Amino acid sequence: MGKYGKWITGGLGWALFGPIGAILGFAIGSIFDNAETSKIYTGETSRNGFIVSLLVLVSAIMKADGKVLKSELEYVKQFFVKNFGQSAASEAILLLRDILKQKVPLIDVCNQIKDNVDYHSRLQLLHLLFGVAQADGVVSTPELKLITEISHNIGITDSDFQSIKAMFVPETDKFYKILEVSPTATNEEIKKAYRNMALKFHPDKVQHLGDDIRKVAEEKFKLVNEAYEMIKKERGFN
């Protein structure tokens, strides 16, 4: 496999097929001869399939404004180092450089992800895409537009999208949006919403993707708790 190790080539499962498989086949060449193709999707999202899906979507986000800057690649590299470690980040950037040379059939890729990735993992994908987009300090209008399109095409509900968006894009009622409630909601409705969000975004929902992705989920879960605490403090209830 040359420059690619087992982190990329092993356990890809469903990602070896369809449009994502075609992208990987172009980028890696001999992946279909050497990858662990026995690990086919059986109902649980594979870790490597998840990360490769993220890289393909990240490539689309990076090209959203019509150009890819060297500084953007560095931002993405540091993002992967922080969340997945140095070794994984090095391989990820090598693969990303190859993927960036291609035209990504975004709708087809999104449909493949929607059909093969469980909903909680798709929520985590969306959260990570916002994280990459914000790596340079701001989520640009073209990036936000494309992430919105991706969210719709991978089957994320609008309320969940608005919740995750509020974690990255400043808005006056962001804490209410994170909990997916209106500022006019009663205290009891807010308590119920928090319980629902705590179940939906609990890190245990994505523990099968590995400790590093679970760590990212914990950061998102922390934002849900912070939003609830801020609203409680603002309203004065326990």
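Output the residues belonging to the range 7-21 that are in a helix (DSSP H, G or I) and at pLDDT below 75.
Within the range 7-21, Trp7, Ile8, Thr9 qualify.
Restricting attention to the range 108-156, which residues are β-branched (Val, Ile, Thr) and assigned to a helix (DSSP H, G or I)?
Val109, Ile113, Val132, Thr141, Ile147, Thr148, Ile150
Determine if the range 57-65 includes at least one residue that is over 22 Å from the mean Cα position of the chain (by Cα) and either modelled with pLDDT of 65 or more or at positive phi (or both).
No, the range 57-65 contains no residue that is over 22 Å from the mean Cα position of the chain (by Cα) and either modelled with pLDDT of 65 or more or at positive phi (or both).
Scan the range 130-185 for residues that are in contact (Cβ under 8 Å) with a residue 60 or more places away in the chain, in contact with a Phe, Trp or Tyr (Cβ under 7 Å, 6 or more places away or on another chain) and within 24 Å of Ile107 (Cα to Cα) and jot them down.
Gly131, Val132, Ile147
From Ser90, Ser71, Ser46, which residue is open to solvent by 10 Å² or more (accessible area, probe 1.4 Å) and without any contact (Cβ under 8 Å) to a residue 24 or more places away in the chain?
Answer to the selection: Ser90.
From the list Thr186, Thr157, Thr172, which residue is surrounded by fewer than 15 Cβ atoms within 10 Å (Cβ to Cβ), more than 20 Å from Val216 (Cβ to Cβ) and at pLDDT below 90?
Only one candidate passes the filter, namely Thr172.
I want to confirm something. Restricting to the range 74-87 and keeping residues that are surrounded by fewer than 20 Cβ atoms within 10 Å (Cβ to Cβ), touching a residue at least 12 places away in the same chain (Cβ under 8 Å) and farther than 19 Å from Ser121 by Cβ, which single residue is farthest from the chain's Cα centre (by Cα)?
Once the filter is applied, the top-ranked residue is Ser87.
Does Glu189 qualify as being free of Cβ contacts under 8 Å to residues at least 24 places away in the same chain, assigned to a helix (DSSP H, G or I) and within 27 Å of Gly85 (Cα to Cα)?
no
Which numbered condition trips up Arg235, out of (1) over 23 Å from the mean Cα position of the chain (by Cα); (2) of a type in the set (Lys, Arg); (3) surrounded by 14 or more Cβ atoms within 10 Å (Cβ to Cβ)?
That leaves (3) as the condition not met.
The values are calculated or read from the model by the stated rules, or taken from the named source; none is laboratory data. Since the structure is predicted, the reported quantities are computational estimates derived from the model, not experimental observations. Neighbour counts are summed over all protein chains in view; Cβ atoms, including those assigned to glycine, are modelled from backbone coordinates with ideal geometry. Accessible surface is based on the protein model in full, side chains and every heavy atom, while ligands, DNA and RNA are left aside. Shrake-Rupley method; radii C 1.70, N 1.55, O 1.52, S 1.80 Å.
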